[in-house]
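Structure first, then comments.
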Amino acid sequence: MKILVCISNVPDTTTKITFNSNNTEFNQSGVQFILNPYDELALSRAIELTEGGNGSVTVINVGMADTEPTIRKALAIGADDAIRVNATPMNSFFVASQIAAIAKEGQYDLILTGRESIDYNGAQTGAMLAEMLDMPSISIIKKLEVSGNTATVAREIEGGKEMITVDFPFLATVAEGVAEPKIPNMRGIMSARTKPLQVVEPIAVASLSNITSFEMPAARSAVKLIATDNVSALIDALHSEAKVI
Amino acid sequence: MNVLVYLENIEGKFKKSTYEVVSYAAAIAKQTGGTLTAVSIGNVAESTLAEIGKYGATKILNIQQDTLNSFVNQAYASLIAKAANSVNATVVVLSNTFTGKGLAPRVAVKLNASLVDGALELPTFDGANMTVKRGAFSGKAFANVNLTSAIKVITLSPNAYQINDLGTSASIEAFSETANANDFKTIVKEIIRASDKISLPDAELVVSGGRGLKGPENWGMIEELASLLGAATGCSKPVSDSGWRPHEEHVGQTGIAVAPNLYIAIGISGAIQHLAGVSSSKVIVVINKDPEAPFFKVADYGIVGDAFEVVPQLIEAVKALKAQA
């Protein structure tokens, strides 16, 4: 089984977000970047599925050279090789187009992405890529089991789940539940330095959208504290003042 | 601009998010002097479809085929794109539900369209270009996205737009286009839905518990309070990571982002990753015994106290309120 996992380099979850240049640009100064947590789950499941010589896992990232520590982390976790498309990821359509150009040649049985990246949260790249490859896609899965040439997948739906079967090849976007994140061991970290990382130049892609500015959420007014001997006052306030119950 | 809206149904019924997206799409059609067409796929009764007319759709394309009774992402996306082309739609709107998130990117690629996921407000226009506000950095900020392609696809966040009954009506037409045989490779074997639970992502009220509750055996009072209020239950990441609650209840940056009218956080200290997932809530209530808990800084109402003493009293107060009503 040949698996491609699309990975993204994102600010650590604890990052306090600020912007530069009149709120048009994310301020990266002092920000620690990590492997997107959903992509980490996708990668972890891919490694489990190929354990014992049962296939290979390639990771692909669209990013400049500064994303290489994250790519090496993915190799340390257990990916066999990596591809970096040498471009700034402009938006999801751009990223999906770059990956499609490479995946077309790769004959992958399974393509996995995280359900979204935790920076721009586009939640678009996976299903766009599948459409470009004319491949079935299942978005936001929480379980992935394989038997022969067929996979059984649980897709999250409002208030429950849908159990779906699909033959390879297909693409799925991954949410929590698919796997526990794998932690690289010392051997993985050592071998990651020498695993193949191929750098590919991007193809030209038309720009369809761009972010013009960012905003921060409005500050809330100070909390109204209610005493523990007067708890029913909270319910009264929610009913008569805030009018939410 | 002509607008097409996709009507997502669950077992033949429309949910609140579907009415919201129709009202939103109708407002865009009105903003731009176009008409609104709706498209429904699957087994929905005509009387249910006719209801959609009240919210501003002038025409409803009804696609009922035996092969489309359960959801097939690729086939549904093909048909939505075909419907968009048939009415020369330049804006296509879907709900930002789990299903909508799977469909919209495929529809956008088919139409050479740009896509904005999780719109929070009506777009603004500059000629044929459109700017839409959406969340970014998992709720820590917002981004204004400018869409410059000829066709634009938007998914609307649940609870972001008011349903408006305009008292209008729509004609219903059978739409006879079919998807390709190649589009039916995913097969739904089973749908498992907890019928007694309120779905978290689009809930209007959420009661959420954290590590302060000390163990899964103490969730009875959380569920009782939620059930009395008609609220969904949520939890913090440590709680779902410890297996006290299922992953689908995890609210936060790497779980579910919610935007309810009321979010009640009980025994959750308020890590930045959790706060990101609740920042769009209209009213936040925090109950925590630690007065220094960061969650109080973003709360509208707070009680500094022990959950095991406060929550039973809240339950009694809600019962008393309901008895008055």
> Roughly how many whole Å is it from the C-alpha centroid of the stretch A:118-197 to that of the stretch A:78-98?
Replying inline: 16 Å
>> On C-alpha positions alone, give me the angle between the axis of helix A:37-50 and the longest principal axis of chain A, in degrees, nearest 10.
In response: 40 degrees
> Under the rule of -39500 (n - 2.57) per DSSP H run of 4 or more residues, summed and divided by the residues of chain B, what mean residue ellipticity at 222 nm is obtained, to the nearest 500 deg cm²/dmol?
Replying inline: -8500 deg cm²/dmol
> Where does helix B:98-110 land angle-wise versus the long Cα axis of chain B, in degrees 0 to 90, nearest 10?
Replying inline: 30 degrees
>> If the only charges are +1 at each Lys and Arg Cβ and -1 at each Asp and Glu Cβ, what is the size of the charge dipole of chain B around the Cα centre, to the nearest 20 debye?
In response: 620 debye
> Quick one: Cα centre-to-centre distance for the stretch A:16-66 and the stretch B:1-77, in angstrom?
Replying inline: 36 Å
>> If I fit a long axis through the Cα atoms of helix B:307-324 and take the longest principal axis of the Cα atoms of chain B, what angle between them do I get, 0 to 90°, rounded to 10?
In response: 60 degrees
> If the chain between B:A325 and B:S171 were fully stretched, how many nm would it gain, using 0.36 nm times the residue separation less the Cα-Cα distance?
Replying inline: 51.4 nm
> Dipole of the stretch B:228-315 (Lys/Arg Cβ +1, Asp/Glu Cβ -1, origin at the Cα centre): which of B:P238, B:A257, B:I303 lies farthest to the positive side?
Replying inline: B:A257
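To two decimal places, what compactness ratio does the protein assembly as shown give when its Cα radius of gyration is scaled by 2.2 N^0.38 Å?
Details: Rg = 23.4 Å, N = 570, 2.2 N^0.38 = 24.5 Å.
This ratio for the protein assembly as shown stands at 0.96.
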> Among B:S176, B:P312, B:S86, which residue has its Cα positioned farthest towards the positive end of the charge dipole of chain B, with +1 placed on the Cβ of Lys and Arg, -1 on the Cβ of Asp and Glu, and the dipole taken about the Cα centre?
Replying inline: B:S86
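Taking a ≥ b ≥ c as the square roots of the eigenvalues of the Cα gyration tensor of the stretch B:127-206, is the shape rounded (a/c under 1.5), prolate (a/b larger than b/c) or oblate?
Numbers: a/c = 1.39, a/b = 1.11, b/c = 1.26.
The shape class here is rounded.
Translational D (Stokes-Einstein, µm²/s) of chain A at 10 °C and 1.306 mPa s when Rh comes from the Kirkwood sum over C-alpha pairs? It would help to have the intermediate numbers written out before the result.
Values: Rh = 19.9 Å.
The calculation lands on 80 µm²/s.
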> Given C-alpha coordinates of the stretch B:53-188, what is the ratio Rg to Rh with the Kirkwood estimate of Rh?
Replying inline: 0.98
> Does the stretch A:86-137 come out rounded, prolate or oblate, given a ≥ b ≥ c as the square roots of the eigenvalues of its C-alpha gyration tensor, rounded meaning a/c under 1.5 and, failing that, prolate meaning a/b above b/c?
Replying inline: oblate
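Among all stretches of chain A without exposed trypsin sites (Lys or Arg not before Pro) (DSSP loop, at most 12 other Cβ atoms within 10 Å), which one is longest?
On the way: sites that count: A:K16, A:R193, A:K243.
Here the longest run is A:17-192.
Where a ≥ b ≥ c are the square roots of the eigenvalues of the C-alpha gyration tensor, would you call chain B rounded, which needs a/c under 1.5, or, failing that, prolate if a/b is larger than b/c, or oblate? Spell out each step's value before the answer.
Details: a/c = 2.04, a/b = 1.82, b/c = 1.12.
Prolate is the answer for chain B, as a/c is 1.5 or above and a/b outweighs b/c.
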>> Placing unit charges on C-beta atoms (Lys and Arg positive, Asp and Glu negative, everything else neutral), compute the dipole magnitude of chain A about its Cα centre in debye, rounded to 20.
In response: 380 debye
>> As a test of the formula, what do you get for chain A when each DSSP H run with n ≥ 4 contributes -39,500 (n - 2.57) and the sum is divided by the residue count, at 222 nm and rounded to the nearest 500 deg cm²/dmol?
In response: -7000 deg cm²/dmol
> Hey, got the dipole for the stretch B:18-88? About the Cα centre, +1 on K and R Cβ, -1 on D and E Cβ, debye to the nearest 20?
Replying inline: 240 debye
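Which GluC sites (Glu not before Pro) in the stretch B:218-305 sit in a loop by DSSP (not H, G, I, E or B) and have at most 15 other Cβ atoms within 10 Å of their own Cβ?
Values: sites: B:E223, B:E224, B:E248, B:E249, B:E292; in loops: B:E292.
Sites meeting the loop and neighbour criteria: B:E292.
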>> Using each residue's phi in the stretch A:71-78, evaluate 6.51 cos²θ - 1.76 cosθ + 1.60 at θ = phi - 60° and report the 3J(HN,Hα) Karplus result to the nearest Hz, with x for Gly and Pro.
In response: 5, 5, 4, 5, 5, 5, 5, x
> Across the residues of B:245-256, average count of Cβ atoms on other protein chains within 10 Å?
Replying inline: 4
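Read the figures in this text as sums done on the coordinates, not as results from a lab. These numbers come from a predicted model, not from an experiment. Methodologically, a virtual Cβ is constructed for each residue, glycine included, from the backbone with ideal geometry; neighbour enumeration extends over all protein chains shown.
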